[in-house]
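Report on one structure; see the data block that follows.
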């Protein structure tokens, strides 16, 4: 039943449509006249095998007709495999899938030393053929244009003729891709007649761009470089895949889908803690069987985070036959990556703006227990120091580097940005999932201003864009802040609790508010209807301690006219109101303690979680408990 529920919900969410009205016109300041190069995410390049593009065989990009043909040819094997899989035997079905995938990826295979087994070509690599205006005029499809939604908004300000799409052989390591980017930048400069470019990089493109800046930034060819959800130091999901240690977090997967579709119904709590082990079994059986096809791609090795790199290398690479591949990836991990803070700082000193936007607050989707955007750990993306997922630094924690007295600790006390590659030029968005930059109004507007103007030079340039922010994706329904305080901060300056409806379509009513950590009472008016985008100020009473370095969690319970009529969102706030409390140790639990937790024992909690009812009971009890306290 759990399998069926999760599969049905995932399909419903994946195919659901969501209409998002982009707020064009929110870029402030003088618009840059430099062309923008989009450096896209992983595997965005079309690769061909053959003597010419026209007569070549496309070897990357699924041909669905071919896939359907192969499914029909192997339909009996697939049926038998699914039958055995129903009895927890994944070997047969994964053998069938692996055989087909190895054949599909054959032309993409690399030798153990990391060189391509076949001579492959890209479509085009020059600026003219990668220019948006040229592509729109000369191609009927959009397969050669990257990040279409964001590209369209950028074009509103600078025109499609000033947007270029970078491509590279994504199988190769970051150093090789960075060299290709340098060549492409020279081509764009020549084609546009400009002496500099702006870079907008996404995910793998962030790693490529960061490597480019470390190796070629001294040339001064870039004005603004904006790296969003970048895989600078790798991607946790790559480690889980290469080592076949998948432990999928299905609740995180559903939240990922909810954010991607910007759905305003909250399904994820229905399956919280109901882990579907059959997905893990399938993935862990399948991936080792396809490693011969993709296991020597240099880019995958550069994706292995430094902390796991040596163990993964020892397990999967032969030191002799893969000596060249090891040498290249070692150079990335031990020379290029550690040099980035110094090289970035030098670029900024020479007049360049480099900005990093990272998603936080999620576990790695495939199991790694680290704070991330579900794909890339926060540490790999930014260099920041993080508590393990589900934990926070203990009360009284002191940041590692002083940073001239600047506060670099996140409101949830889960992140210490003082160790980041760029402590003053990195923005952290709690709840932002990988690839969702355009789906979050705050992140989208920040990114556009960073890319197209020179007015924001660090996290202190504009109070509207604080270093730490909670996601405003519509799927989160509400956003909470204390009036009179900075984002995520609580002090005596707080004059109300400001709750904003971040939905695009749904009205919201606040049913209850509770605070875990200190005793605050909130005066909720459930008759007040918040329209999309509207906010309300909720009065509160209670004392805020005269201390700093202590975390409280505020949970807002709400009702809305959707399939899931009630829901909640918890946000952490750090008290900054006096002397720092005494350091309480290494880590504390980051999850809020709810009133319902105080009346059930561990056995009851285990049963309710197993039935998928823990969240429902928690919400109902909290709302009833709040109003019972008001009556008394």
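To the nearest ten degrees, helix 91-104 and the longest principal axis of the Cα atoms of the chain are 50 degrees apart. Normalised size of the range 102-242, defined as Cα radius of gyration per 2.2 N^0.38 Å with N residues, equals 1.11.
Here the peptides 613-621, 245-253, 533-541 are ranked by packing, the mean other Cβ count within 10 Å, and the order with the highest first is 245-253, 613-621, 533-541.
Shown for 99, 414, 582, 487: other C-beta atoms within 10 Å of each C-beta, ranked fewest to most, produce the order 582, 99, 487, 414. By how many degrees, 0 to 90 and rounded to 10, does the Cα axis of helix 174-192 deviate from the longest principal axis of the chain? Helix 174-192 sits roughly 80 degrees off the main axis of the chain.
How large is Rg over Rh for the chain, taking Rg from the Cα atoms and Rh as the Kirkwood inverse mean of 1/r across Cα pairs?
0.97
Give me the angle, in degrees from 0 to 90, between the Cα long axis of helix 2-15 and the longest principal axis of the Cα atoms of the chain, rounded to the nearest 10. Taking Cα atoms only, the helix is inclined about 70 degrees. Per-peptide packing, taken as the mean over residues of other Cβ atoms within 10 Å, places 569-576, 306-313 in the sequence 569-576, 306-313 from highest down. Put simply, when 382-388, 472-478 are sorted by average Cβ atoms within 10 angstrom per residue, most first, you get 472-478, 382-388. Each part reduced to its alpha carbon centroid, the range 133-211 and the range 34-49 end up 6 Å apart.
Every number here is computed from the coordinates shown, using simple stated rules; none is lab data. Here the structure is a predicted model, which is why all the values come from computation and not from measurement. Note: ideal-geometry Cβ built from the backbone for every residue, glycine included; neighbour counts use all protein chains shown.
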